[in-house]
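K.L.:
Can you read through this structure? Questions will come right after.
The values are calculated or read from the model by the stated rules, or taken from the named source; none is laboratory data. The shown structure was predicted, so the numbers you read here are calculated from the model rather than taken from an experiment. Please note: Cβ atoms are built from the backbone with ideal geometry, for glycine as well, and neighbour counts cover all protein chains shown. Heavy atoms of the whole protein, side chains included, go into the accessibility calculation; ligands, DNA and RNA do not. Shrake-Rupley method; radii C 1.70, N 1.55, O 1.52, S 1.80 Å.
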2 protein chains.
Amino acid sequence: MAAALALSWRGRGRTAPNPNVGCIIARDGQIVSRGWTRPGGRPHAEADALDGVDARGADIYTTLEPCAHKSERGPACADLLVKAAPARVIIAAQDPDTRTNGAGTARLRDAGITVTEGVRTEEAHRAMAGFFTRQAKGRPHVTLKLATSLDGQVALPDGSSQWITGPEARAHAHVERALSDMVVVGRGTVAADQPQLDVRLTGLEPRTPGRAVLSSEYSNFAQLQLKADNPVWQHLESPEAIADLENVDYLLVEGGAGAAAAFVAADLVDRLLLYRAPILVGTGLSALGDFGLAQLDDAHGQWRLVETRMLGVDRMEVYEKA
Amino acid sequence: MAAALALSWRGRGRTAPNPNVGCIIARDGQIVSRGWTRPGGRPHAEADALDGVDARGADIYTTLEPCAHKSERGPACADLLVKAAPARVIIAAQDPDTRTNGAGTARLRDAGITVTEGVRTEEAHRAMAGFFTRQAKGRPHVTLKLATSLDGQVALPDGSSQWITGPEARAHAHVERALSDMVVVGRGTVAADQPQLDVRLTGLEPRTPGRAVLSSEYSNFAQLQLKADNPVWQHLESPEAIADLENVDYLLVEGGAGAAAAFVAADLVDRLLLYRAPILVGTGLSALGDFGLAQLDDAHGQWRLVETRMLGVDRMEVYEKA
């Protein structure tokens, strides 16, 4: 299942509104086929793994319950699996989509296939967070990225921020972009830094996500867009407007402090991605603007550390909503 | 040697100007005696461990090269060891004190004792950092403590900071006080918070260190002292004045942002002790004031992460000067 989960990450940021599922077919403990939901959402991971493979009597690991509903773009995965006749299907997470939600596993069991559920479920929810957030909340999954010094500054008082973090952390941030359907920045950041927000990693350039600018006034946005001669930006009037973005399940908010605070204030941040350089800055620009915190008690119990590692001399931390 | 190093930490903050040494006597791999430099600096760790023990043919582990110089307070440890006639003496770090510096080990070797040096040297330098800093730089070892939110804030805009971190992190900070000879805060912090700066851990209350207030004007300090009716505070006119403090080898700077910046600006911070709560604060008070950083390039390459662990929901990090 760990291998299936790794495969599911491949589709992250490219399969919306379909879930980025991973699938492994194994026989006698040996992997005989791999599949993942392909860019655009088809084929599904199970169909991808089953393609050209005899899976009779095999074990099939899938990160999400196989879909029970046909669509014009392909057959239901549950039917495909029944036809393939594996001995066992192992599932990480149940599909919350009401068209499947238990119906997929029921169909497998009815066909005499042994079904094991609940294997590495938490990791599956993390790997396919965009799909689960969309299902539960009707909006994309939002990651807020902050790259700071040890004392929480993102730039010197004059705005200079090249560079707080080192090349490894910056490369990782580009991978995070590649795993997103869309990147959002505030109007001030565009005006000040004119960021490209593209993926500058060899071979991953085509993975540059959609780009949006948060700006409460459309006229301000339009002016900015005109000046920068950049027609690919979308306009976001408010953080809440992310619910209307099409084919966006993974959203990455890259700053600045005002845009970050707007998403925090709207309670629309699911995941904090922190890069911390081993430097002190002193007086500078803070990572996060005012989001209306009235007392410290209210700030507690919201975030849980789920991952941390070194990236060169910098430390990366990932926090999720508790 | 790990056990000897643990013992050396017991004396930290209590043995200045003597080094806080740890010593273990072992025979056939079994520990037969333990010693550490006692509060006030005597007896030395080796004398403490040898007291009432037959060490002939044994292995003696000591975190610092045994002293070669007699004093009116006791004999030289090298002589004590020669008399005890162990088979082997294992030493973590050489004594930089010019009265010993190699003379201790030479005396042991002349007496036919096998001497092994350089075992866990880095950890020994860390454990006895106050002594080594005093020897190398003629001033105490300085730890700067910062307790912040994930976005680097130490308080809300109105100054309220109870609490950023949880009880485990706060208890750990009190242990750090107990391991210090002196705690320093800025004048503003005293005026605003009237901190006790005592050790509020059951059984460790007597370990409350000396307390000093950083204030460039003595009259301001005197006024503050009078108002607070607190005769135990010492006055520090500037960070550089720490060199003149007597019997202070471990100094803990607890803030606020101005005092912290003054020590950073004077390049007098050897160790950063960071507690980070999993909370966001937004606009608030930053941990560190202006210390004159001109460009980001100058900030890099100064700090190295040497320890990190969770304390309840908070993360502790220790950085040392690189």
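K.L.:
When you look at B:G301, is it touching a helix residue (DSSP H, G or I) at 6+ places or on another chain (Cβ under 7 Å), within 14 Å of chain A (Cβ to nearest Cβ) and outside any strand (DSSP E or B), yes or no?
P.N.:
no
K.L.:
Which of the residues spanning the stretch A:304-322 are without any contact (Cβ under 8 Å) to a residue 40 or more places away in the chain, open to solvent by less than 60 Å² (accessible area, probe 1.4 Å) and facing chain B (nearest Cβ under 7 Å)? Break it down into steps so the answer makes sense when it comes.
P.N.:
Within the stretch A:304-322, the first condition is being without any contact (Cβ under 8 Å) to a residue 40 or more places away in the chain, and the residues that meet it are A:304-305, A:307-310, A:322.
Still in the running and open to solvent by less than 60 Å² (accessible area, probe 1.4 Å): A:305, A:308.
If the condition is that a residue be without any contact (Cβ under 8 Å) to a residue 40 or more places away in the chain, open to solvent by less than 60 Å² (accessible area, probe 1.4 Å) and facing chain B (nearest Cβ under 7 Å), then A:L305 is the only one that fits.
K.L.:
Let me ask something additional. Is it the case that B:L224 is in contact with a helix residue (DSSP H, G or I) (Cβ under 6 Å, 6 or more places away or on another chain), outside any strand (DSSP E or B) and modelled with pLDDT under 95? Show your work before the answer.
P.N.:
On the way: in contact with a helix residue (DSSP H, G or I) (Cβ under 6 Å, 6 or more places away or on another chain): yes; outside any strand (DSSP E or B): yes; modelled with pLDDT under 95: yes.
Here the answer is yes, as B:L224 does meet what is asked.
K.L.:
How many residues are among the small types (G, A, S) and within 23 Å of the chain's Cα centre (by Cα) if we restrict to the stretch A:102-154?
P.N.:
8
K.L.:
Which count do you get for residues in the stretch A:188-226 that are of a type in the set (V, I, T) and under 16 Å from the mean Cα position of the chain (by Cα)? Break it down into steps so the answer makes sense when it comes.
P.N.:
First, the residues of the stretch A:188-226 that are of a type in the set (V, I, T): A:189-190, A:199, A:202, A:208, A:213.
Okay, now just the ones that are also under 16 Å from the mean Cα position of the chain (by Cα), so A:199, A:208.
Residues that pass the stated criteria total 2.
K.L.:
Sticking with this one: With touching a Pro at 6+ places or on another chain (Cβ under 9 Å) and over 27 Å from B:L252 (Cα atoms) as the only criterion, which of B:D28, B:D97, B:D54, B:D79 stands out?
P.N.:
B:D79 is the lone residue from the list that is touching a Pro at 6+ places or on another chain (Cβ under 9 Å) and over 27 Å from B:L252 (Cα atoms).
K.L.:
Can you spot a residue in the stretch B:163-182 that is modelled with pLDDT under 95, facing chain A (nearest Cβ under 8 Å) and open to solvent by 10 Å² or more (accessible area, probe 1.4 Å)?
P.N.:
Yes, some residue in the stretch B:163-182 is modelled with pLDDT under 95, facing chain A (nearest Cβ under 8 Å) and open to solvent by 10 Å² or more (accessible area, probe 1.4 Å).
K.L.:
Do you know which residues across the stretch B:194-242 are in contact (Cβ under 8 Å) with a residue 12 or more places away in the chain, within 22 Å of B:Q162 (Cβ to Cβ) and open to solvent by 80 Å² or more (accessible area, probe 1.4 Å)?
P.N.:
B:Q194, B:R200
K.L.:
Determine whether the stretch B:275-297 contains at least one residue that is among the charged types (D, E, K, R), open to solvent by 40 Å² or more (accessible area, probe 1.4 Å), within 26 Å of B:A127 (Cα to Cα) and part of a strand (DSSP E or B). Steps first, please.
P.N.:
In the first step, residues of the stretch B:275-297 are kept if they are among the charged types (D, E, K, R); the result is B:276, B:290, B:297.
Those left that are additionally open to solvent by 40 Å² or more (accessible area, probe 1.4 Å): B:290, B:297.
Those left that are additionally within 26 Å of B:A127 (Cα to Cα): none.
No, there is no match, as no residue in the stretch B:275-297 is among the charged types (D, E, K, R), open to solvent by 40 Å² or more (accessible area, probe 1.4 Å), within 26 Å of B:A127 (Cα to Cα) and part of a strand (DSSP E or B).
K.L.:
Is it the case that the stretch A:102-117 has a residue that's among the aliphatic types (A, V, I, L, M) and in contact (Cβ under 8 Å) with a residue 60 or more places away in the chain?
P.N.:
Scanning the stretch A:102-117 turns up no residue that is among the aliphatic types (A, V, I, L, M) and in contact (Cβ under 8 Å) with a residue 60 or more places away in the chain.
K.L.:
Also, quick follow-up: Filter the stretch A:98-113 for residues that are in a helix (DSSP H, G or I) and basic (K, R); which is surrounded by the most Cβ atoms within 10 Å (Cβ to Cβ)?
P.N.:
Only one residue tops the list, namely A:R107.
K.L.:
Name the residues in the stretch A:11-27 that are surrounded by fewer than 19 Cβ atoms within 10 Å (Cβ to Cβ) and either modelled with pLDDT of 95 or more or touching a Cys at 6+ places or on another chain (Cβ under 9 Å) (or both), would you?
P.N.:
The first filter runs over the stretch A:11-27 and keeps only residues surrounded by fewer than 19 Cβ atoms within 10 Å (Cβ to Cβ), leaving A:17, A:27.
Hit for the stretch A:11-27 is A:R27, nothing else.
K.L.:
Of the numbered conditions (1) within 14 Å of another protein chain (Cβ to nearest Cβ); (2) at negative phi; (3) in a loop (DSSP other than H, G, I, E, B), B:L144 satisfies every one except a single condition; which is it?
P.N.:
(3)
K.L.:
Which of the residues belonging to the stretch A:152-162 are at the interface with chain B (Cβ under 7 Å from one of its Cβ atoms), touching a helix residue (DSSP H, G or I) at 6+ places or on another chain (Cβ under 9 Å) and open to solvent by less than 40 Å² (accessible area, probe 1.4 Å)?
P.N.:
Scanning the stretch A:152-162 gives a single hit, A:L156.
K.L.:
Still on this structure, I have one more. Is one or more of the residues making up the stretch A:251-270 facing chain B (nearest Cβ under 10 Å), touching a residue at least 40 places away in the same chain (Cβ under 8 Å) and more than 19 Å from A:P140 (Cα to Cα)?
P.N.:
So far as the stretch A:251-270 goes, yes, one or more of its residues are facing chain B (nearest Cβ under 10 Å), touching a residue at least 40 places away in the same chain (Cβ under 8 Å) and more than 19 Å from A:P140 (Cα to Cα).
K.L.:
Just the residues that are under 15 Å from A:Y61 (Cβ atoms) and either buried (at least 18 other Cβ atoms within 10 Å of the Cβ) or in contact with an Asp or Glu (Cβ under 9 Å, 6 or more places away or on another chain) (or both), please, taken from the stretch A:29-46.
P.N.:
Within the stretch A:29-46, A:G29, A:V32, A:S33, A:R34, A:G35, A:W36, A:T37, A:H44, A:A45, A:E46 qualify.
K.L.:
When you scan the stretch B:55-67, do you find a residue that is open to solvent by less than 40 Å² (accessible area, probe 1.4 Å), farther than 22 Å from B:V119 by Cα and not assigned by TED's automatic domain parsing to the domain that holds B:D198, even just one?
P.N.:
Scanning the stretch B:55-67 turns up no residue that is open to solvent by less than 40 Å² (accessible area, probe 1.4 Å), farther than 22 Å from B:V119 by Cα and not assigned by TED's automatic domain parsing to the domain that holds B:D198.
K.L.:
Have a look at B:A85, B:A68 and point out the one that is closer than 22 Å to B:L7 by Cα and touching a residue at least 12 places away in the same chain (Cβ under 8 Å).
P.N.:
Numbers: B:A85 fails: closer than 22 Å to B:L7 by Cα.
Going through B:A85, B:A68 in turn, just one is closer than 22 Å to B:L7 by Cα and touching a residue at least 12 places away in the same chain (Cβ under 8 Å): B:A68.
K.L.:
Restricting to the stretch B:249-298, give me the number of residues that are of a type in the set (G, A, S), more than 13 Å from B:L144 (Cα to Cα) and out of contact with any helix residue (DSSP H, G or I) (no Cβ under 8 Å at 6 or more places or on another chain).
P.N.:
Looking only at that region, the number is 2.
K.L.:
If you check B:R120, B:R88, B:R73, B:R139, which single one turns out to be at positive phi and either surrounded by 15 or more Cβ atoms within 10 Å (Cβ to Cβ) or not assigned by TED's automatic domain parsing to the domain that holds B:E307 (or both)?
P.N.:
Numbers: B:R88 fails: at positive phi; B:R73 fails: at positive phi; B:R139 fails: at positive phi.
None of the others qualify; the one that does is B:R120.
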